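What follows draws every value from the coordinates through simple rules; no lab data is involved. Just so we're clear, the structure is a prediction, and the values are computed from it rather than from any experiment. Here the Cβ is made from the backbone with ideal geometry for all residues, glycine too, and neighbour counts use every protein chain on show.
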């Protein structure tokens, strides 16, 4: 277990954040939450679970991660008695040593169907019912948790992940399309590649290329994908966040076809950096989907080649980008920081600056 930050104000600890950090995205989101709480004046410790060994089933994977989160929380609670505890993900809360707020992008009820969530779903319901404060990333995540929880507004506060432009857009958007393929099957990379082949055959791609980012060669092989056999496709591999966002600022279209989307931060980042978003609808609390539909409903279609062709054919991307930033206003960094300081900290019972 790794602990980051710690007690302040004569040894007092206001908030303990118990973090799985099982993915880069989760780790960065938890670090940003801790930083936001500190900016609001709270003392914060981030207790990070140690990564368990790889196992074959999702049910056993969740058990090992839940045990790791419990160990991290117990170790932190022995060092200090925080005013409030936030468990980041429902998995982190499953074996909690003490009740606390639960932050989640999706629930096991939604993303662990059938045998994959056999033990997690009933325990998750009990933890969500006992939690003093639910912190979904989106209204969709709360709705997916069930009507009883969705109606408990006094126990819920939607706190999105902050998303802002990463820098000025490139003078020329010289990348026709880009996709994020971490977990290639879940992100529907096979569908994206099929759509790209289709628009190339129709001449819509106009000689441009599709850039595939976020997946290593091992992940692609495991998904049965060989990008060297795909014409007009370039493998960018895994990238530092700054490098990846720089590519978004050069891309015209972000294209995706997720089989399920628990939030869609990659899509929100693409919108923030001025990309058109071409996507299939997807189950799950896909926060970017209603925004994409409002921006241009033609670009959200189960027929991904049609959506991608419509995006590549647009010539007024500047107006789209301006409207996208207006849509993202409640998720911008300053707005989220105000929410943390003015609503989250008081509801946690922790003092603010």
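Please verify whether residue 251 is under 19 Å from the mean Cα position of the chain (by Cα) and surrounded by 24 or more Cβ atoms within 10 Å (Cβ to Cβ), treating the condition exactly as stated. Criteria not met by residue 251.
Quick check: is even one residue across the stretch 41-57 free of Cβ contacts under 8 Å to residues at least 12 places away in the same chain, assigned to a helix (DSSP H, G or I) and loosely packed, with under 15 Cβ neighbours inside 10 Å? Taking every residue of the stretch 41-57 in turn, none turns out to be free of Cβ contacts under 8 Å to residues at least 12 places away in the same chain, assigned to a helix (DSSP H, G or I) and loosely packed, with under 15 Cβ neighbours inside 10 Å. Would the stretch 287-301 turn up any residue that is within 16 Å of the chain's Cα centre (by Cα) and buried (at least 23 other Cβ atoms within 10 Å of the Cβ)? The answer is yes, given that some residue of the stretch 287-301 is within 16 Å of the chain's Cα centre (by Cα) and buried (at least 23 other Cβ atoms within 10 Å of the Cβ).
Within the option set 197, 234, 259, being part of a loop (DSSP other than H, G, I, E, B) and on the phi < 0 side of the Ramachandran plot holds for one residue only, 259.
Per the listing 78, 70, 103, the residue uniquely closer than 24 Å to residue 349 by Cα, free of Cβ contacts under 8 Å to residues at least 24 places away in the same chain and either surrounded by fewer than 23 Cβ atoms within 10 Å (Cβ to Cβ) or within 23 Å of the chain's Cα centre (by Cα) (or both) is 78. Here residue 349 fulfils each of the conditions (1) in contact with a helix residue (DSSP H, G or I) (Cβ under 8 Å, 6 or more places away or on another chain); (2) surrounded by fewer than 21 Cβ atoms within 10 Å (Cβ to Cβ); (3) under 24 Å from residue 142 (Cβ atoms) apart from (1).
Name the residue that is farthest from residue 15 (Cα to Cα), counting only residues in the stretch 102-118 that are part of a helix (DSSP H, G or I) and in contact with a helix residue (DSSP H, G or I) (Cβ under 6 Å, 6 or more places away or on another chain). The residue in question is 116.
The set of residues in the stretch 119-135 that are touching a helix residue (DSSP H, G or I) at 6+ places or on another chain (Cβ under 6 Å) and either in a loop (DSSP other than H, G, I, E, B) or in contact (Cβ under 8 Å) with a residue 40 or more places away in the chain (or both) comprises 120, 133.
One residue alone among 148, 130 is under 19 Å from residue 88 (Cα atoms) and surrounded by fewer than 17 Cβ atoms within 10 Å (Cβ to Cβ), and that residue is 130.
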